[in-house]
1. State, as an integer percentage, the relative contact order of the range 1-52 based on alpha-carbon contacts under 8 Å between residues 6 or more apart.
2. Where Rh denotes the Kirkwood radius from the mean inverse Cα pair distance, what is Rg over Rh for the range 1-67?
3. Take the Cα atoms of the range 6-119, find their three principal axes, and give me the spread along each one in whole Å, biggest first.
4. Under a plain spin-label model, where a point goes 7 Å from the Cα along Cα-to-Cβ, how far apart in nm are Leu114 and Leu31?
5. In nm, give the distance between the simple-model label positions of Arg107 and Arg46, each being 7 Å from the Cα along the Cα-to-Cβ direction.
6. Only four residue types carry charge here, +1 at the Cβ of Lys and Arg and -1 at the Cβ of Asp and Glu. Report the dipole size of the chain about the Cα centre in Debye, rounded to the nearest 20.
Amino acid sequence: MSEIKIIGEHTDDQGPTVDDYFLVFLTASDLYEVSFYAEGVNGFLRELSDRLETTLSCELGNSTTYKSRVMWPADMEGAPVFDYFESLKPSGFFAGVREKLFPGTARKLSEAVLQKLKMI
């Protein structure tokens with residue numbers, strides 16, 4: 001718990017047949033994700049809110065696209081966790097067909113998150 005520097009949420013366009021909504025936990029050196037649909041997540045968020053003496057509000061539950069936002073710390077709330085961009089086009093016939101059917105989106109930590117992690 002003491003190593004967590006940023007808590008966020010992100011969604012993608014993969015639902016509803018697979019998990020498409022995740023909580024994100026960043027430490028100074030690692031990124032951890034957990035499905036919002038995992039057992040016990042609501043209780044965990046309540047306990048985490050109590051420990052941080054704040055309210056962690058989830059706002060992206062109805063999103064069907066790639067989105068992210070910081071939930072904590074308060075001075076970053078609402079800032080994007082990730083910047084999303086189109087991934088490199090694969091080479092080869094089958095990879096090209098897969099890309100046409102399921103276009104790839106990649107992500108990287110946003111500049112705001114990178115700056116915050118440098119400051120900590």
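1. Here the relative contact order equals 28 percent.
2. On the way: Rg = 12.3 Å, Rh = 12.7 Å.
Across the range 1-67, the Cα-based Rg/Rh ratio is 0.97.
3. Extents along the principal axes: 53, 33, 21 Å.
4. 1.2 nm
5. So the two model labels end up 2.7 nm from each other.
6. 420 debye
Laboratory data are not the source of any read-out in this text; all were calculated from the coordinates shown. Since this is a predicted model, take the numbers as computed values, not measurements. Note: ideal-geometry Cβ built from the backbone for every residue, glycine included; neighbour counts use all protein chains shown.
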